[in-house]
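Enquirer: The following block contains the structure, expressed as structure tokens.
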Amino acid sequence: MAGESQRYVAVIGDMVRSRDLPSSERGTVQKQFEELIRNLNREYRKKIVSKFVITLGDEFQGLLSTTTLIPDLIWRLEENFPEREFRVGIGLGSLDTPIQKFAINIDGPALHTARAAIETAKKANALGGVFNGFGQLDEVLNGIARLLWFHRSHWTLSQRKIANLLRQGMSQTEVAEHLKIKRQVVSKQVSASGWPRYIGAESAWHIILQNYADSLIGTKNDISQAH
């Protein structure tokens, strides 16, 4: 049985209006979604407490040991499904049930706060991730999440493709070679997309997640000693 004072990060995601897709297209999207979840479980296995699992239709959930995966997780969802929107709820809390290999048949405050975050996302049409259960940090984390999503939502597909490669660590010259386009074209797209300002804000978000949000994870004793 999970200790009552042990805190985890629960993530619940939902592909918006996926049921509106034609049946032929929906099957393809579902397979792509399943493949993405498998990849996430493999790539992030060291920071996952209970593996991501698809629960209802195109909704998934998982249990993490850190919040620092959230920027990458949201980016990957949008990268793999650029024409779809995702609501993502991130909740902090304990568990009332034993930890499972996959995040199914588990329950407790962690899942409840994540579910409440999803409901907030629905009511406010808030995309890019909604945090709940982190106290005063909720407002800070959610404010940055909204700004970053707003910035991304204005990118063209070409700008998003370039941004994805830059985010992987490529230089502009390497991006140009990879996409077989001129270096000047990449430079213009980087400038038009506001990439330097975006990645600066995302880096700041990551620092807050790592140094402040993650300090709330663990046991109550751990937290009291940290403060």
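Enquirer: Consider Thr173 carefully, then state whether it is within 27 Å of Ser191 (Cα to Cα) and of a type in the set (Val, Ile, Thr).
Expert: Judged against the criteria, Thr173 is a match.
Enquirer: Go through (1) of a type in the set (D, E, K, R); (2) in contact (Cβ under 8 Å) with a residue 24 or more places away in the chain; (3) open to solvent by 30 Å² or more (accessible area, probe 1.4 Å) one by one and return the number of the condition Arg152 breaks.
Expert: Exception for Arg152: condition (3).
Enquirer: Which residue pairs have Cβ atoms under 8 Å apart, sit 6 or more places apart or on different chains, and have a first residue in segment 120-145 that is charged (D, E, K, R) and a second that is open to solvent by 10 Å² or more (accessible area, probe 1.4 Å)?
Expert: Lys122/Arg87; Asp138/Asn132
Enquirer: Does Lys161 satisfy the condition of being closer than 20 Å to Glu85 by Cβ, touching a strand residue (DSSP E or B) at 6+ places or on another chain (Cβ under 7 Å) and open to solvent by 50 Å² or more (accessible area, probe 1.4 Å)?
Expert: Spelling it out, it is not the case that Lys161 is closer than 20 Å to Glu85 by Cβ, touching a strand residue (DSSP E or B) at 6+ places or on another chain (Cβ under 7 Å) and open to solvent by 50 Å² or more (accessible area, probe 1.4 Å).
Enquirer: Considering only residues of segment 170-215 that are acidic (Asp, Glu) and over 20 Å from Ile90 (Cβ atoms), which is farthest from the chain's Cα centre (by Cα)?
Expert: Glu177
Enquirer: Follow-up. Out of the residues in segment 1-41 that are among the hydroxyl-bearing types (Ser, Thr, Tyr) and part of a helix (DSSP H, G or I), state the one that is nearest to Gly93 (Cα to Cα).
Expert: Among residues in segment 1-41 that are among the hydroxyl-bearing types (Ser, Thr, Tyr) and part of a helix (DSSP H, G or I), the one nearest to Gly93 (Cα to Cα) is Ser18.
Yes/no matrix, rows are residues, columns are (1) at pLDDT 95 or above; (2) more than 29 Å from Gln136 (Cβ to Cβ); (3) β-branched (Val, Ile, Thr):
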position: Val175; (1), (2), (3): yes, yes, yes
position: Val186; (1), (2), (3): yes, yes, yes
position: Ser191; (1), (2), (3): yes, yes, no
position: Glu202; (1), (2), (3): yes, no, no
position: Gln210; (1), (2), (3): yes, no, no
position: Ala213; (1), (2), (3): yes, no, no
position: Gly218; (1), (2), (3): no, no, no
position: Asn221; (1), (2), (3): no, no, no
position: His227; (1), (2), (3): no, no, no
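Enquirer: Okay, moving on. List every residue pair whose Cβ atoms sit under 6 Å apart, with the two residues 6 or more apart in sequence or on different chains, where the first one lies in segment 55-83 and is touching a residue at least 12 places away in the same chain (Cβ under 8 Å) and the second, anywhere, is assigned to a strand (DSSP E or B) and among the acidic types (Asp, Glu).
Expert: Listed pairs, sorted by first residue: Glu59/Asp14.
The values are calculated or read from the model by the stated rules, or taken from the named source; none is laboratory data. Quantities reported herein were computed from a predicted structural model and do not represent experimental measurements. Cβ sites come from the backbone with ideal geometry, for glycine too, and all protein chains shown count toward neighbours. SASA here: full protein model, heavy atoms, side chains in, ligands and nucleic acids out. Shrake-Rupley method; radii C 1.70, N 1.55, O 1.52, S 1.80 Å.
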